[in-house]
Protein chains: 2
Amino acid sequence: MSALTRRGFLEKLGAGSVAASLPLLLPSVHAATAPYNGPKLNVALCGLGNYARMLAEGLQASQYCRLAGVVTGHADKAAAWQQQYQLPPQNIYNYNNFDGIAHNPNIDVVYIVLPNFLHKPFTIRAAQAGKHVITEKPMATTAADCEAMIAACNKAGVQLAVGYRMHFEPTQQEIMRLGQQKAFGPVRYLEAGLGYKTYNLADANDMVDINDDTQWRLHKTKAGGGPLMDLGVYCVQAARYVLGEEPVAVTAQFGPVHHAQRFTQVEESITWQMQFPGGAAANCTSSYGFNIDKLYASADDGYFELSPALSHGPFTGKTSAGILNIPPINQQASQLDAMAQYIINKQPMPAHINGSEGLRDIRIIEAIYKAAQTGGVVKLV
Amino acid sequence: MSALTRRGFLEKLGAGSVAASLPLLLPSVHAATAPYNGPKLNVALCGLGNYARMLAEGLQASQYCRLAGVVTGHADKAAAWQQQYQLPPQNIYNYNNFDGIAHNPNIDVVYIVLPNFLHKPFTIRAAQAGKHVITEKPMATTAADCEAMIAACNKAGVQLAVGYRMHFEPTQQEIMRLGQQKAFGPVRYLEAGLGYKTYNLADANDMVDINDDTQWRLHKTKAGGGPLMDLGVYCVQAARYVLGEEPVAVTAQFGPVHHAQRFTQVEESITWQMQFPGGAAANCTSSYGFNIDKLYASADDGYFELSPALSHGPFTGKTSAGILNIPPINQQASQLDAMAQYIINKQPMPAHINGSEGLRDIRIIEAIYKAAQTGGVVKLV
């Protein structure tokens with residue numbers, strides 16, 4: 001997608017004029033006026049599951065970075081990707097020789113698309129190798145791991161970003177604007193739900209985006225939790241970026257378990273509520289047991305809603321003022337372009353997409369789990 | 001609305017064929033094949049607020065009953081209604097001389113449209129006067145009051161119905177069918193929300209449907225509770241009639257209070273969750289602080305949703321199979337016709353619309369309040 005086209009969206013959304021007051025919005029620096037002709041960042045994808053394919057497409061469409069290498073534990077995948085994307089052999093790594101990437105000047109960024117529990121070790125290894133890091137969400141399985149990742153990247157002097165593509169997607173940017181600018185007055189109540197039904201192994205396999213034949217998302221130590229970690233993070237993000245506030249307290253309830261043999265370690269479904277300092281409440285749900293993909297915000301003078309809302313899109317919705325139908329973009333390219341520019345320009349990754357943002361989400365998720373386990377209100381600092 | 005037209009809707013919905021297996025649906029006895037020409041039931045409306053106007057229109061359209069009298073504390077309203085509907089002077093009562101209705105053979109049914117706390121005393125007085133009773137929802141402010149009302153009607157040998165108009169409304173009947181017949185497989189998750197914002201006195205006054213200048217809905221003893229009692233009962237009903245099951249446990253959370261001077265006795269907003277024995281969960285909200293009017297049901301093989309969903313309609317929605325757009329009817333006439341036929345035919349009022357149903361809802365609402373107050377899971381028998 002060209003900068004010109006993207007700029008058109010941004011103008012339509014008014015993002016340029018509001019960026020100063022809305023820290024969560026895409027800064028206007030990305031509304032480039034001319035195609036970029038400088039050197040591209042070289043990105044190695046670490047983990048070659050389903051979502052890596054979408055990122056590879058994003059890299060193909062990117063102006064500011066390119067797919068330069070891969071890291072995978074499967075030799076057959078390495079060969080297939082090498083051939084398809086014409087990758088130099090010296091840019092292909094496995095999990096054992098990965099640290100040798102420190103000596104490879106032709107890789108600038110490692111993009112980690114591994115199961116959750118591997119985000120931490122590979123972020124730290126990449127940082128120690130002197131590479132900038134983008135890691136997929138959720139950032140890690142614990143807040144302590146997030147802190148270790150941030151420390152490692154700071155120590156190594158590399159940038160750390162979390163794959164929060166929604167911040168670079170125009171429909172999400174529009175609901176950020178509607179909420180944060182109080183286009184319909186202050187939002188009082190927000191519902192956000194994201195769930196995918198995975199009743200059978202085939203469904204579950206579709207969700208596995210890493211060369212790991214086990215159902216890692218069902219293992220507490222590998223996933224960090226159930227659908228709340230994996231999908232609920234989108235609901236937490238949405239509530240935060242629509243309101244432009246941080247939750248101060250949460251309550252939560254584990255949902256019923258239909259497939260007890262499958263959900264022995266993590267929840268099948270969960271509902272939770274977040275209180276925000278401005279007085280808004282969010283009521284959310286995530287599930288591996290049923291499908292849902294919705295967002296609804298009730299404001300004093302109107303409403304806005306999306307469905308599909310929080311998946312890969314295209315997102316559609318409406319507001320009390322009419323239909324909300326913004327043409328879809330290549331979200332991965334948009335995210336990669338934005339993040340690459342910060343790296344190229346040696347500007348610090350902004351707080352809404354860097355490791356501190358990932359840490360905030362994981363702290364909230366940990367509070368939600370604590371609330372569900374205790375039945376009580378868990379306050380956040 | 002003619003019986004023929006209504007029959008057309010029922011045939012379209014397949015209600016006749018499913019009535020036997022779905023106790024919550026309108027029984028097929030009401031799919032009359034010819035206009036009714038027998039004597040009409042004479043109904044006195046007790047309380048002349050906004051909703052009494054809608055009931056009066058329903059009575060005008062009814063085949064089986066007519067508006068025959070009124071009970072009101074306001075002489076000017078009595079005069080206006082008497083003139084508008086050409087009511088005989090002897091069928092006009094106030095709250096002091098109401099018990100004299102016992103000697104009036106021209107009133108068969110008293111329909112109570114008073115503030116919640118008055119449902120009990122006027123139900124008991126009407127029953128003791130030998131009149132059948134229909135009372136608006138919520139049936140009463142406590143389960144104990146519901147029990148006393150049921151006992152009084154049983155003792156007097158009169159019928160008792162609660163104004164559950166949704167059971168006679170074709171869009172609601174359709175979602176009952178979709179849920180109970182598992183048209184998209186079993187429903188796993190259900191969201192239901194009904195809220196009206198009442199930030200200023202004018203808004204609040206619009207909601208006062210009784211000749212009482214005070215904001216009775218904000219008084220615990222008069223309303224029995226806040227939006228949960230008044231609006232949440234629709235969400236409780238919807239979850240129950242979509243699933244065809246009774247909840248076994250509830251959790252609940254009071255929402256933030258924006259208008260502390262107004263909400264000193266009852267909640268401004270509340271969220272709550274209901275667990276059902278078949279394994280479904282419902283996540284609901286009611287509010288006087290924000291607008292919401294939505295229902296969403298996620299089933300194994302699809303979904304259905306309405307918005308507007310639970311107000312006065314017309315109701316619109318969609319399912320995973322397409323648009324759900326059933327022409328609206330006069331809901332009050334439909335309800336009144338159905339209830340009148342049970343009385344005329346000396347058939348007991350079915351369990352899904354009689355006092356036992358009102359009691360079930362109030363017991364659930366009491367459990368929801370207990371859960372919100374304690375923060376714990378409250379189990380229902």
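The values are calculated or read from the model by the stated rules, or taken from the named source; none is laboratory data. Only a predicted model underlies this, so the values are computations on that prediction, with no experimental measurement involved. Don't worry about glycine lacking a Cβ; one is built from the backbone with ideal geometry, like all the others, and counts go over all protein chains shown. Heavy atoms of the whole protein, side chains included, go into the accessibility calculation; ligands, DNA and RNA do not. Shrake-Rupley method; radii C 1.70, N 1.55, O 1.52, S 1.80 Å.
The table below gives the values:
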item: Residues (facing chain A (nearest Cβ under 9 Å) and not hydrophobic (A, V, I, L, M, F, W, C)) located in the range B:282-299; result: B:ASN283, B:THR285, B:SER287, B:GLY289, B:ASN291, B:LYS294, B:TYR296, B:SER298
item: Residue match in the range A:48-61 (condition: closer than 28 Å to A:LEU359 by Cβ and in contact with a Gly (Cβ under 7 Å, 6 or more places away or on another chain)); result: no
item: Inter-residue pairs, beta-carbon under 8 Å, first in a loop (DSSP other than H, G, I, E, B) and in the range A:238-265, second among the basic types (Lys, Arg) and open to solvent by 20 Å² or more (accessible area, probe 1.4 Å), 6+ apart; result: A:GLU246/A:ARG360; A:VAL248/A:LYS379; A:HIS258/B:ARG188; A:GLN265/A:LYS220
item: Count - residues of the range B:145-197 that are crowded, with 24+ Cβ neighbours inside 10 Å, within 14 Å of chain A (Cβ to nearest Cβ) and not acidic (Asp, Glu); result: 9
item: Residue list for the range B:246-265, restricted to those being surrounded by 23 or more Cβ atoms within 10 Å (Cβ to Cβ) and in contact with an Asp or Glu (Cβ under 9 Å, 6 or more places away or on another chain); result: B:GLY255
item: Unmet criterion (only one of (1) touching a Pro at 6+ places or on another chain (Cβ under 8 Å); (2) at pLDDT below 95) for B:ASN325; result: (1)
item: Helices (runs of 4 or more DSSP H) within the range B:41-144 that include 3 or more residues open to solvent by 60 Å² or more (accessible area, probe 1.4 Å); result: B:50-61, B:75-85
item: Pair list, Cβ under 6 Å, 6 or more apart: the range B:318-342 residue of a type outside the set (A, V, I, L, M), other residue assigned to a strand (DSSP E or B); result: B:LYS318/B:LEU324; B:THR319/B:PHE304; B:SER320/B:GLY302; B:SER320/B:TYR303
item: Number of positions in the range B:248-279 that are under 16 Å from A:PHE254 (Cβ atoms) and either at the interface with another protein chain (Cβ under 7 Å from one of its Cβ atoms) or not small (Gly, Ala, Ser) (or both); result: 11
item: Residues located in the range B:331-381, provided they are away from chain A (no Cβ under 14 Å) and of a type in the set (S, T, N, Q); result: B:GLN331, B:GLN332, B:SER334, B:GLN335, B:GLN341, B:ASN345, B:GLN347, B:ASN354, B:SER356
